Amino acid sequence: MTAALVAGLLAGYGIAIPVGAVAAYLVALTTRTSLRTGILAALGVASADGLYALIAVVGGSTLTPLIEPLMLPFRWASAAVLVALALRGASAALRAHRGGGAAPGDDGPPPGPARAYAALLTLTLMNPMTVVYFAALVLGSEAVAASAPLHRAVFVLAAFAASASWQLLVAGGGALLGRALTGSRGRLVTALASSTLITVLAVRLLLPSP
């Protein structure tokens, strides 16, 4: 069981720690909303990682041929959603800055915790490479591939816990940044910088791996 626990933790941190467009959006979202919203959004990301870990443990090698044809369409869809979110965030920040802190005619209030959870869960699920990553780890690890159902459950829960702890750390950083930059100019600069970063990282999703 210890081997499955360690394998799950390493797998969860391995998929969560690399900074990508979703992490950048999580920081930006927490910066302009609240820590509570950021926490639920972070758990949305971790839930997707945990679900994909579960699918990999149950499906194993049979999943890879089924998922590969979907990777490119999902990457395009994910990139399009992220770019749209980045443009919307930058536009709202510019309107708020010009309006002296309030944004007349804004697209509406920022997402609440439940909506943030659903949005980040859906966005993270649009990366089918995650399930291939977990499937490769499961098949390559004797401690998991040939283990009892209880050990496989430990692997999945450990992967979720590792991802959740890292995403919560990212959200906490966004909350601290939001409190530090309370001025109108600070929030504008932060919003524009994060929107630019999200766009760049979203475009990188479409580039071939080196």
(request) Taking only region 146-186 into account, find how many residues are modelled with pLDDT under 70 and of a type in the set (D, E, K, R). (result) 2
(request) Confirm whether R32 is of a type outside the set (A, V, I, L, M, F, W, C), in contact with a helix residue (DSSP H, G or I) (Cβ under 7 Å, 6 or more places away or on another chain) and at pLDDT 90 or above. (result) no
(request) Would you please name the residue that is nearest to A24 (Cα to Cα), looking only at residues in region 52-77 that are at pLDDT 70 or above and open to solvent by less than 20 Å² (accessible area, probe 1.4 Å)? (result) A53
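The values are calculated or read from the model by the stated rules, or taken from the named source; none is laboratory data. What you are looking at is a predicted structure, and each value in this text was computed from that prediction instead of being measured. A quick note on method: Cβ atoms are made from the backbone with ideal geometry, for glycine too, and the neighbour counts reach across all protein chains shown. Side chains included, ligands, DNA and RNA excluded: accessible areas come from the protein's heavy atoms. Shrake-Rupley method; radii C 1.70, N 1.55, O 1.52, S 1.80 Å.
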